[in-house]
């Protein structure tokens, strides 16, 4: 008789493998968990792999559609550098967080420069706008088209094609700009700007004014010809004022010209407070290139027109070029120009609010600590569960199901290439903690009043009651997490997504299988 009972119990335990809940758990563990982890591996965020976080502040608050456009353009700009481990996330309606892993300090400086630019391109001839970024349909990067750097001239060139309307407008503005003077053909110049300030005045101290009264078209290259400050003022469509100090007379002059922005050099002696009190937006500009005025006005290139482009016939292509003493410098400048011209203009100006760096070495150490703490925490939970029930088999089932839940969550993260950062790790911990709670609820309900299947209906009722509690708790957690996803609160979005993935895995896969297991074995 005893043998017959043992055989029946053995058959029952074999039958459990045919239960769809157990089969779903095994399938998920292998296909969604183990295989992705082995084949694809986990992707760790900057918190563990090291990198840089750049917080960008928008000039004003924007609606969700504009924010999506901003994020898309910045993502395109970063993709232009060939970066892989990047993340661009909106934070509220006025900030954007950019995370970049594995980039050198020199490249980071170039990236920050590109990110902080609005990217508004303009080409101006004789005080008239002849080209804008909207006119560019293709930026060429092959040497056959003229892209590259000339070591003899120390010049870089980035050619681009124009749209039909853009070429027609350029032809109209450029028509007749080459004239014969004393037997020689003299042509006007085209001034090309990125983010030229509008309604602005540039205050120039006498020392800078004297040095930059005449500037080479290609800095440090006397063979390139020159431009004067008056030429630059005419074609920048802004005012350039030599001033020793700020006084009431100057302020009255600025207001009479409807100036809204005043640009001053860094470390100048101008009374910035007085300008701000007068209602002007004051921009302090450091000297980055060879000429401070070029940096202040966003001038990137000055080229002589040729007779062929001044005939009035549409020209399908144009070029922007600049000076670079070395090939490395040229590559940086060409990359910046290509990225900006290709990605287009940002709808709203932005600036870099702050930059944070995470050491790769520290990140690896932190990851190692996190792994050990995870193992210790998992074992501690197992010990507490055992002390509660004093049933080794039940505790082992709870911890084994908990481990399978962790493997499936990590496998899904590997499958969708979700980066595990601090927020994601917190989400996994929250999901796993919730899973243990749910399994304790199920165990308590089934164990209440004795644990033998004397009354099948009663046992089913207890499981249903347990799952009612679990589904209610899951619905509450989901409701709490959804705002974090839809409103896009930066790193909290990663926490919410990871928590919901874990919750879904637990409620739909692991909990039903656990209930079936302890019905049979406990």
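The values are calculated or read from the model by the stated rules, or taken from the named source; none is laboratory data. Keep in mind the model is a prediction, meaning the values are calculated, not measured. For neighbour counting, all protein chains shown are included, and Cβ atoms are generated from backbone atoms with ideal geometry for every residue, glycine included.
Selection of the stretch 148-168 for residues being in contact with a helix residue (DSSP H, G or I) (Cβ under 7 Å, 6 or more places away or on another chain) and buried (at least 18 other Cβ atoms within 10 Å of the Cβ) yields 149, 156, 158, 159, 160, 162, 166.
Just to be sure before I move on: is residue 138 within 28 Å of residue 70 (Cα to Cα) and either in contact with a helix residue (DSSP H, G or I) (Cβ under 8 Å, 6 or more places away or on another chain) or part of a loop (DSSP other than H, G, I, E, B) (or both) in the structure I sent? Steps first, answer last, please.
Working: within 28 Å of residue 70 (Cα to Cα): yes; either in contact with a helix residue (DSSP H, G or I) (Cβ under 8 Å, 6 or more places away or on another chain) or part of a loop (DSSP other than H, G, I, E, B) (or both): no.
It is false that residue 138 is within 28 Å of residue 70 (Cα to Cα) and either in contact with a helix residue (DSSP H, G or I) (Cβ under 8 Å, 6 or more places away or on another chain) or part of a loop (DSSP other than H, G, I, E, B) (or both).
So which of 259, 263, 240 ends up being part of a loop (DSSP other than H, G, I, E, B) and in contact with a strand residue (DSSP E or B) (Cβ under 6 Å, 6 or more places away or on another chain)?
The match here is 259.
From the list 414, 430, which one is touching a strand residue (DSSP E or B) at 6+ places or on another chain (Cβ under 8 Å) and assigned to a helix (DSSP H, G or I)?
Numbers: 430 fails: touching a strand residue (DSSP E or B) at 6+ places or on another chain (Cβ under 8 Å).
Just a single option satisfies the conditions, and that option is 414.
For the stretch 210-221, filtered to residues that are in contact with a strand residue (DSSP E or B) (Cβ under 6 Å, 6 or more places away or on another chain) and outside any loop (DSSP other than H, G, I, E, B), the residue that is nearest to residue 322 (Cα to Cα) is 216.
Could you list all residues from the stretch 157-181 that are part of a strand (DSSP E or B) and under 17 Å from residue 342 (Cα atoms)? Steps first, answer last, please.
We begin by selecting, within the stretch 157-181, every residue part of a strand (DSSP E or B); these are 157-162, 178-181.
Scanning the stretch 157-181 gives 157, 158, 159, 160, 161, 162.
The set of residues from the stretch 204-225 being surrounded by 13 or more Cβ atoms within 10 Å (Cβ to Cβ) and within 19 Å of residue 286 (Cα to Cα) comprises 204, 205, 208, 209, 211, 212, 213, 215, 219. Anything in the stretch 365-395 that is under 14 Å from residue 439 (Cβ atoms) and either without any contact (Cβ under 8 Å) to a residue 12 or more places away in the chain or outside the structural domain of residue 500 (by TED's automatic domain parsing) (or both)? List them, or say none. Across the stretch 365-395, the qualifying residues are 384, 386. For the stretch 214-230, the count of residues that are farther than 18 Å from residue 293 by Cβ, without any contact (Cβ under 8 Å) to a residue 12 or more places away in the chain and within 40 Å of the chain's Cα centre (by Cα) is zero.
Against the criterion of being in the same structural domain as residue 22 (by TED's automatic domain parsing) and modelled with pLDDT of 75 or more, residue 428 qualifies.
Under the condition of being in a helix (DSSP H, G or I) and crowded, with 21+ Cβ neighbours inside 10 Å, the residues counted in the stretch 310-332 number 1. Among the residues of the stretch 292-309, not a single one is at pLDDT below 85, assigned to a loop (DSSP other than H, G, I, E, B) and surrounded by 14 or more Cβ atoms within 10 Å (Cβ to Cβ).
Being surrounded by fewer than 20 Cβ atoms within 10 Å (Cβ to Cβ), on the phi > 0 side of the Ramachandran plot and outside the structural domain of residue 271 (by TED's automatic domain parsing): is that true of residue 175 here? Steps first, answer last, please.
On the way: surrounded by fewer than 20 Cβ atoms within 10 Å (Cβ to Cβ): yes; on the phi > 0 side of the Ramachandran plot: no; outside the structural domain of residue 271 (by TED's automatic domain parsing): yes.
When the stated conditions are applied, residue 175 does not pass them.
If you filter the stretch 294-314 down to residues that are in contact (Cβ under 8 Å) with a residue 60 or more places away in the chain and out of contact with any strand residue (DSSP E or B) (no Cβ under 7 Å at 6 or more places or on another chain), you find that the one that is nearest to residue 121 (Cα to Cα) is 294.
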